[in-house]
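Report on the structure given below.
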Amino acid sequence: MALLTCRFYSETLGMSTSMTVILPQATRSQIGMDNAAAAGKHKTLYLLHGLSDDDSIWVRRTSVERYVAELGLAVVMPNVHRSFYADMEYGEAYWTFLTEELPAVARSFFPLSEAREDNFVAGLSMGGYGAFKWALRHPDRFAAAGSFSGALDIAARVGEVGQFDRIFKQIFGDKQIQGSDDDLLALLARSASGPNGERPLLYQSCGTEDFLYNGNKAFREACEKTDYKLTYSDGPGGHSWVYWDEHIQKFLKWLPLGK
């Protein structure tokens, strides 16, 4: 595998930013590693960070580089700061950056497949919310999406008095979240599909001791009212890297990568 920190200019953000990228490399003599790389353009996982992190966090807190080595899977990890993957009311257009500019720039730099069946998105906490929002709003772009301890019922949290009140005000302003395209439960209720009727497979996990557990239950219950195919997992665990390191491995085994 090749691990790169890519610093580049974003026209959308009007500033330089970064992404961390893992690229497949087929090797025969590397000790302790089984590396694979298919010919042609790579299947790609967009892997999103949480509120307090950046694009480097997945490779610092887990062994994701090792986990994907034998899968021949590229991983693109962007930096979106504390934006909740939204076009911020008082800040930058991170949703537009993520969903429009980032894939185009990454594919211009690296041999990444554009085919829907070769693209996946996942994330933790804030990134789980971002991953599901991206997949639900653009079901024609992803074969599957994953959330680990995701902030999935965001409408229930915006407006709460507490540590996130100022952050949400900066991101959403006075916008009504419930029923909007930033509300995952509303997106599920509308149950959009791609032009060929495709809906991405969904993988959701959350620890039962996680402060976001109730929101995850709400998302699962909303999903049961649709025809989205959801693989759901919960069990003991908190909002921690011990839990996310375990579940990124389960997610990668679950991904519909084919041959």
Out of the residues in the range 121-158 that are part of a helix (DSSP H, G or I) and touching a strand residue (DSSP E or B) at 6+ places or on another chain (Cβ under 6 Å), state the one that is surrounded by the fewest Cβ atoms within 10 Å (Cβ to Cβ). Trp134
Filter the range 94-120 for residues that are farther than 23 Å from Gln25 by Cα, touching a residue at least 60 places away in the same chain (Cβ under 8 Å), surrounded by fewer than 24 Cβ atoms within 10 Å (Cβ to Cβ) and touching an Asp or Glu at 6+ places or on another chain (Cβ under 7 Å) and give the result. Thr96, Glu101
Are any of the residues in the range 224-235 of a type outside the set (S, T, N, Q), touching a Cys at 6+ places or on another chain (Cβ under 7 Å) and within 27 Å of Glu70 (Cβ to Cβ)? yes
Working only within the range 47-60, note down all residues that are assigned to a helix (DSSP H, G or I) and surrounded by 17 or more Cβ atoms within 10 Å (Cβ to Cβ). Ile57, Trp58, Val59
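Is it the case that some residue within the range 221-228 is in a helix (DSSP H, G or I) and charged (D, E, K, R)? First the steps, then the outcome.
Of the range 221-228, the ones in a helix (DSSP H, G or I) are 221-223.
Next cut, charged (D, E, K, R) only: 221.
The answer is yes, given that some residue of the range 221-228 is in a helix (DSSP H, G or I) and charged (D, E, K, R).
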Scanning the range 18-33 for residues that are in a loop (DSSP other than H, G, I, E, B) and not aliphatic (A, V, I, L, M), which turns out nearest to Asp55 (Cα to Cα)? Pro24
Checking Thr44 against (1) surrounded by fewer than 17 Cβ atoms within 10 Å (Cβ to Cβ); (2) in contact (Cβ under 8 Å) with a residue 40 or more places away in the chain; (3) assigned to a strand (DSSP E or B), only one condition comes out false. Which one? (1)
I'd like the residue in the range 192-210 that is in contact with a helix residue (DSSP H, G or I) (Cβ under 9 Å, 6 or more places away or on another chain) and either small (Gly, Ala, Ser) or in a helix (DSSP H, G or I) (or both) and, out of all such residues, is nearest to Glu89 (Cα to Cα). Ala192
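Taking Asp174, is it farther than 22 Å from Leu255 by Cβ and surrounded by 13 or more Cβ atoms within 10 Å (Cβ to Cβ)? Break it down stepwise before answering.
Values: farther than 22 Å from Leu255 by Cβ: yes; surrounded by 13 or more Cβ atoms within 10 Å (Cβ to Cβ): no.
Against the criterion (farther than 22 Å from Leu255 by Cβ and surrounded by 13 or more Cβ atoms within 10 Å (Cβ to Cβ)), Asp174 does not qualify.
We did not get these values from a lab; they are worked out from the coordinates using the rules stated. Note that the coordinates shown come from a computational prediction; the quantities given were computed from them, not determined experimentally. With ideal geometry, Cβ positions are generated from the backbone for all residues, glycine too; neighbour counts draw on all protein chains shown.
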